[in-house]
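Taking it in order: structure first as structure tokens, then the write-up.
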Amino acid sequence: MDSTVPTTSHPYLSDAAQEIMENARRVAHKTDSYSDGEILDFRAEWDHILASQCRHPPSTTIEDDGRECVVCLFERELKLPSLPEMIFPRNTLEIRLENN
């Protein structure tokens, strides 16, 4: 997974606030793994919480970095009446079992 964080400007944030937000996005992503050396491998990724609203122009669902807006993607794909308050869209847990 790409660990670089795209820089996006937000019309309501000062330059200092935008710098703080970009730093928070950079340090929010963490990866950890464990292997017992024989048959089990675990890999976990943690990332920041889903934004509460979109930050792209209303005429598109594409963010400044060229990727689809995750808020729009979750609203469209989950088809829930409302999204839960806390969603961590890029958190994953992989468990691999090696068969010899």
Sparse-neighbourhood loop hits (GluC sites (Glu not before Pro), the range 16-53; DSSP loop; Cβ within 10 Å at most 12 others) -> GLU38
Of all accessible heavy-atom area on the range 29-100, the percent that carbon and sulfur account for (1.4 Å)
52 percent
Give me the number: length gained by fully extending GLU22 to ASN99, i.e. 0.36 nm times residue separation minus the C-alpha to C-alpha distance, one decimal in nm.
23.5 nm
Label-point separation (nm) for ASN91 and GLU38, each offset 7 Å from Cα along Cα-to-Cβ?
3.1 nm
With a ≥ b ≥ c from the Cα gyration tensor eigenvalues, square-rooted, and the rule rounded for a/c under 1.5, otherwise prolate when a/b > b/c and oblate otherwise, the range 21-74 is prolate
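The values are calculated or read from the model by the stated rules, or taken from the named source; none is laboratory data. Note that this is a predicted model, so its numbers are computed, not measured. As a convention, Cβ positions derive from the backbone with ideal geometry for all residues, glycine included, and neighbour counts pool all protein chains shown. The protein model used for the area step is the full one, side chains on, heavy atoms only, and it has no ligands, DNA or RNA in it. Shrake-Rupley method; radii C 1.70, N 1.55, O 1.52, S 1.80 Å.
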